[in-house]
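Asks: Take a look at this one; I'll ask things after.
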Amino acid sequence: MAERIEQRLEDRIPELEQLERVGLFTRKEIRAVLRKASALEYKIQRRALRKEDFINYIQYEVNLLELIKKRRARTGYSFKKDEIEHSILHRVHSLFNRATGKWKDDVQLWLSHVAFCKQWNAKHQLSKVFSTMLAIHSNKPALWIMAAKWEMETRLSSESARHLFLRALRFHPECPKLYQEYFRMELMHAEKQRKEKKEFEQAKIDLGEFNYSEEILNGEMARIVYRDASQKIKGVEFQLAVLSIAKLFDFTQDLQKEILESLQARYADDPLTWDYMARRELELGSLQPTEHITKKKKVSEMAQREERCCAVFDEAVRAVPTEDMWKCYITFCLERYNRKTNSEELKKKRLERTLSVFSKAHESSLLLEALYKLWLQLLLDSSLSEKAVEVAEAATRHFSQSVEMWQMRLQVLIQLKRDDVTQCFEEAIKHVKSKGTLPLWTLWVEWSEGTNSKEDTEALYQRSLHAATPAESVTMKEMYLDWTYRNGGYKKVKRLFTSLCENPPFSLDFFRKMIQIEKEQESCKMLHLREYFERALREFGSTNTDLWLDYIKEELSHPQGKPENCGSIHWRAMKMLQADLVEDFVSKYTLLQTGHL
């Protein structure tokens, strides 16, 4: 091993001598490079190889290349690159090849090699990297797309890119993304040929026997890709994705027409098809030059376009009366309403249209639960409070088991300061199953704290503890404890804490809250703190190391504490904690003893 390392270090000497001779590095820096290289070489020649050692070595060489680049820029010396940089680049490629050969499954390592090749313009080497990587990771479409894009955009080889896409499709015959990128590549190739032909014609250059194929120039290859993909990939999303790609090129009108006809014929009942057809009306605007149109005319034209969109949507909800179709319609209306405009008339028209669509969807019983919330918010923002109350009530009738719907209705009533809030809470608790009612109870007690008397609020807290599930009552206990301390003082909260401790389950925060309350008192008693810590440790002593450490800290720092108890607490912790937490506890306890925690 030593001989091999010595040989590799000797191979570095010519480049290091050149670096010193041309004045880019000093003799001292050359020695430092040799020492570092020697240490790194020994690490990658060990029997038990580690990926981190290769990464560190590669990073060191890359940093060295960057330093040489900066020094060349500073001194203005640009010669001897073959003797210096080329040698380092060759070594980095060799390191990457060894690393990827050892850890073939690490995609990030392959991508790092690809990024390095791109950064240093190593095209020949990158071609080899892609070839090897795709042979191993042929199951990853994204890597095939990356390689094909590089061939097309960097090497300007559409033939190689096409070959890669065809190979990829043999492995992934039903991958939508591969077909989309292949489709895009063929259109880019056609556009490139069209530009070449135009330039030749403008320069009046005789092309001789060479002729550009009219079929390729018109995007026929892309049409073939699309037709093949359409037979294998079902779904309107793919059709729309391909159509959006085709629209980026100005010579694809016939192709766009074919895709659109296929979309309407095969997916006439899909809401996304109708959504696209409706939104398309926005793009089909006036052909008049926009610079000579007045603002009033622009507003009028935009209103007309939106009316045409809504006409298509109205037809859509008649043809496809589903929740998803109404959702598309409402989403469009909300998008238009939220667009900024200086025209109050247009803003008002958009609001009226949106509210009307919400009402129609509700009347059809096809309004999704999530959309009721948007409807209510829009009504409240528009100061239509009575309508908001009416809609909230209808929403809870339609989704009587939904906690979110009841919560939303209650928030509306609270915001409007209505008198029937308590009645609504009672109704909500009656309709919703006990599991999952925590948001309703927390909202109710929070509202009661600011509205009702202390006696009513306390009675409500007591009721919530019995009505909520055991898991949900944990949160209510924390809130009850906090509210009692704020409104009844220390003695009352201590009595409540003792009472609540008889009814598990508890949270750690429940005990920590009581410990914090005790520490806030002027006459903070260690006896009480021990009681709270002991109660907490009975529940969480096996899973929480910090609780034991806090207990020890209190014994050490409290005026009434007994430091001699720390040993027994430590012994109990070692016995009670789960096996995987003992090591963490020991290290933290050591830091505490040395004053670093």
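Asks: Quick one: how many residues across segment 342-357 are part of a helix (DSSP H, G or I), open to solvent by less than 50 Å² (accessible area, probe 1.4 Å) and farther than 18 Å from Val312 by Cβ?
Replies: 3
Asks: If you don't mind, another one. Filtering segment 554-573 down to residues that are among the hydrophobic types (A, V, I, L, M, F, W, C) and open to solvent by 60 Å² or more (accessible area, probe 1.4 Å), which residue is nearest to Phe585 (Cα to Cα)? Spell out the reasoning first.
Replies: Residues of segment 554-573 among the hydrophobic types (A, V, I, L, M, F, W, C): 556, 566, 569, 571, 573.
Now drop any that are not open to solvent by 60 Å² or more (accessible area, probe 1.4 Å), which leaves 556, 571.
Working: Leu556: 17, Trp571: 11 Å.
Selected residue: Trp571.
Asks: Look at Phe506 and say whether it is crowded, with 19+ Cβ neighbours inside 10 Å and either at pLDDT below 95 or in contact with a Gly (Cβ under 9 Å, 6 or more places away or on another chain) (or both). Let's see the steps before the verdict.
Replies: Numbers: crowded, with 19+ Cβ neighbours inside 10 Å: yes; either at pLDDT below 95 or in contact with a Gly (Cβ under 9 Å, 6 or more places away or on another chain) (or both): yes.
The answer is yes for Phe506.
Asks: Scan segment 135-167 residue by residue and report those that are within 28 Å of the chain's Cα centre (by Cα) and either open to solvent by 20 Å² or more (accessible area, probe 1.4 Å) or of a type in the set (A, V, I, L, M) (or both). Write out each step before concluding.
Replies: Going through segment 135-167, the residues within 28 Å of the chain's Cα centre (by Cα) turn out to be 137-150.
Of everything in segment 135-167, those that are within 28 Å of the chain's Cα centre (by Cα) and either open to solvent by 20 Å² or more (accessible area, probe 1.4 Å) or of a type in the set (A, V, I, L, M) (or both) turn out to be Ser138, Asn139, Lys140, Pro141, Ala142, Leu143, Ile145, Met146, Ala147, Ala148, Lys149.
Asks: If Gln423 meets every condition in (1) in contact with a helix residue (DSSP H, G or I) (Cβ under 7 Å, 6 or more places away or on another chain); (2) surrounded by fewer than 16 Cβ atoms within 10 Å (Cβ to Cβ) apart from one, which number is that one?
Replies: Tallying (1) in contact with a helix residue (DSSP H, G or I) (Cβ under 7 Å, 6 or more places away or on another chain); (2) surrounded by fewer than 16 Cβ atoms within 10 Å (Cβ to Cβ), Gln423 fails exactly one: (1).
Asks: Return the pair list, or none, for Cβ contacts closer than 6 Å from residues in segment 358-382 that are outside any helix (DSSP H, G or I) to residues that are open to solvent by 10 Å² or more (accessible area, probe 1.4 Å), at least 6 apart or on different chains.
Replies: Matching pairs, first to second residue: Leu366/Glu323; Leu366/Trp326; Leu368/Glu323; Leu368/Lys327.
Residue-wise test of (1) open to solvent by 50 Å² or more (accessible area, probe 1.4 Å); (2) out of contact with any strand residue (DSSP E or B) (no Cβ under 9 Å at 6 or more places or on another chain); (3) not assigned by the TED database to the domain that holds Leu591.
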{"site": "Asp482", "(1), (2), (3)": "no, yes, yes"}
{"site": "Gly488", "(1), (2), (3)": "no, yes, yes"}
{"site": "Arg495", "(1), (2), (3)": "yes, yes, yes"}
{"site": "Cys501", "(1), (2), (3)": "no, yes, yes"}
{"site": "Gln516", "(1), (2), (3)": "yes, yes, no"}
{"site": "Phe540", "(1), (2), (3)": "no, yes, no"}
{"site": "Trp548", "(1), (2), (3)": "no, yes, no"}
{"site": "Ile552", "(1), (2), (3)": "no, yes, no"}
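Asks: Let me ask you something else. Looking only at segment 542-582, count how many residues are in a loop (DSSP other than H, G, I, E, B) and over 16 Å from Ile515 (Cβ atoms).
Replies: Initial filter on segment 542-582 (in a loop (DSSP other than H, G, I, E, B)): 542-544, 558-562, 577-578.
Now drop any that are not over 16 Å from Ile515 (Cβ atoms), which leaves 542-543, 559, 562, 577-578.
Total satisfying the criteria: 6.
Asks: Still on this structure, I have one more. Just checking, how many residues over segment 518-538 are under 44 Å from the mean Cα position of the chain (by Cα) and surrounded by fewer than 16 Cβ atoms within 10 Å (Cβ to Cβ)?
Replies: Residues meeting the conditions: 4.
Asks: Additional query: Those residues that are farther than 18 Å from Tyr329 by Cβ, open to solvent by 30 Å² or more (accessible area, probe 1.4 Å) and among the hydroxyl-bearing types (Ser, Thr, Tyr), I need them from segment 251-286; list them, please.
Replies: The one that is farther than 18 Å from Tyr329 by Cβ, open to solvent by 30 Å² or more (accessible area, probe 1.4 Å) and among the hydroxyl-bearing types (Ser, Thr, Tyr): Ser286.
Asks: Let me ask something else about it. Quickly run through segment 112-134 and pick out the residues that are open to solvent by 20 Å² or more (accessible area, probe 1.4 Å), of a type in the set (A, V, I, L, M, F, W, C) and modelled with pLDDT of 95 or more.
Replies: Of all residues in segment 112-134, those open to solvent by 20 Å² or more (accessible area, probe 1.4 Å) come to 112, 115, 118-125, 127-128, 131-132.
Restricting the remaining residues to those that are of a type in the set (A, V, I, L, M, F, W, C) gives 115, 120, 122.
Once the filter is applied, which keeps residues that are open to solvent by 20 Å² or more (accessible area, probe 1.4 Å), of a type in the set (A, V, I, L, M, F, W, C) and modelled with pLDDT of 95 or more, segment 112-134 yields only Ala115.
Asks: Also: May I ask you to say which residue of Leu500, Leu537, Leu496, Leu529 is of a type in the set (A, V, I, L, M, F, W, C) and touching an Asp or Glu at 6+ places or on another chain (Cβ under 9 Å)?
Replies: Details: Leu500 fails: touching an Asp or Glu at 6+ places or on another chain (Cβ under 9 Å); Leu537 fails: touching an Asp or Glu at 6+ places or on another chain (Cβ under 9 Å); Leu496 fails: touching an Asp or Glu at 6+ places or on another chain (Cβ under 9 Å).
Result: Leu529 is the single residue among Leu500, Leu537, Leu496, Leu529 that is of a type in the set (A, V, I, L, M, F, W, C) and touching an Asp or Glu at 6+ places or on another chain (Cβ under 9 Å).
Asks: So which residues in segment 576-589 are within 24 Å of Met526 (Cα to Cα) and open to solvent by 40 Å² or more (accessible area, probe 1.4 Å), if there are any at all?
Replies: Met576, Lys588
Asks: Pairs only if they're at least six apart or on different chains, beta carbon under 7 angstrom, first in segment 235-251 and part of a loop (DSSP other than H, G, I, E, B), second open to solvent by less than 20 Å² (accessible area, probe 1.4 Å); list them, first residue then second.
Replies: Between residues of segment 235-251 that are part of a loop (DSSP other than H, G, I, E, B) and residues that are open to solvent by less than 20 Å² (accessible area, probe 1.4 Å), the close pairs are Phe249/Leu187; Phe251/Gly219.
Asks: Hey, which of the helices (runs of 4 or more DSSP H) in segment 1-76, taking only ones fully inside, have at least 1 residues that are under 19 Å from Asn97 (Cα atoms), open to solvent by less than 50 Å² (accessible area, probe 1.4 Å) and modelled with pLDDT of 95 or more?
Replies: Working: elements: 2-21, 27-44, 51-75.
Qualifying helices (runs of 4 or more DSSP H): 51-75.
Asks: Take Ala268 and decide whether it is among the small types (Gly, Ala, Ser) and in a helix (DSSP H, G or I).
Replies: Working: among the small types (Gly, Ala, Ser): yes; in a helix (DSSP H, G or I): no.
Against the criterion (among the small types (Gly, Ala, Ser) and in a helix (DSSP H, G or I)), Ala268 does not qualify.
Asks: I want to confirm something. Restricting to segment 360-372 and keeping residues that are within 12 Å of Ala395 (Cα to Cα) and surrounded by fewer than 18 Cβ atoms within 10 Å (Cβ to Cβ), which single residue is farthest from the chain's Cα centre (by Cα)?
Replies: The qualifying residue farthest from the chain's Cα centre (by Cα) is Glu363.
Asks: Right, here's the next one. How many residues does segment 225-234 contain that are part of a helix (DSSP H, G or I), open to solvent by 50 Å² or more (accessible area, probe 1.4 Å) and out of contact with any Asp or Glu (no Cβ under 8 Å at 6 or more places or on another chain)?
Replies: The first filter runs over segment 225-234 and keeps only residues part of a helix (DSSP H, G or I), leaving 225-232.
Filter again for open to solvent by 50 Å² or more (accessible area, probe 1.4 Å), leaving 227-228, 231-232.
So of that shortlist, the ones also out of contact with any Asp or Glu (no Cβ under 8 Å at 6 or more places or on another chain) come out as 227-228, 231.
Here the count works out to 3.
Asks: Also, quick follow-up: Within segment 86-100, can one find any residue that is touching a Lys or Arg at 6+ places or on another chain (Cβ under 7 Å) and surrounded by fewer than 17 Cβ atoms within 10 Å (Cβ to Cβ)?
Replies: no
Asks: How many of the residues making up segment 320-333 are assigned to a helix (DSSP H, G or I) and surrounded by fewer than 18 Cβ atoms within 10 Å (Cβ to Cβ)?
Replies: Just the residues of segment 320-333 that are assigned to a helix (DSSP H, G or I), to begin with: 323-333.
Narrowing the set further to residues that are surrounded by fewer than 18 Cβ atoms within 10 Å (Cβ to Cβ) leaves 323-324, 331.
Here the count works out to 3.
Asks: A further question follows. Scan Gln256, Gln193 and give me the residue that is touching a helix residue (DSSP H, G or I) at 6+ places or on another chain (Cβ under 9 Å), in a helix (DSSP H, G or I), among the polar types (S, T, N, Q) and closer than 24 Å to Leu272 by Cα. Give the steps one after another, and end with the answer.
Replies: Numbers: Gln193 fails: closer than 24 Å to Leu272 by Cα.
Result of the check over Gln256, Gln193: Gln256.
The values are calculated or read from the model by the stated rules, or taken from the named source; none is laboratory data. Remember, it's a predicted structure, so these values are computed and weren't measured experimentally. We place every Cβ from the backbone using ideal geometry, glycine too, and count neighbours over all the protein chains shown. Heads up: the accessible areas ignore ligands, DNA and RNA and are worked out on the full protein's heavy atoms, side chains in. Shrake-Rupley method; radii C 1.70, N 1.55, O 1.52, S 1.80 Å.
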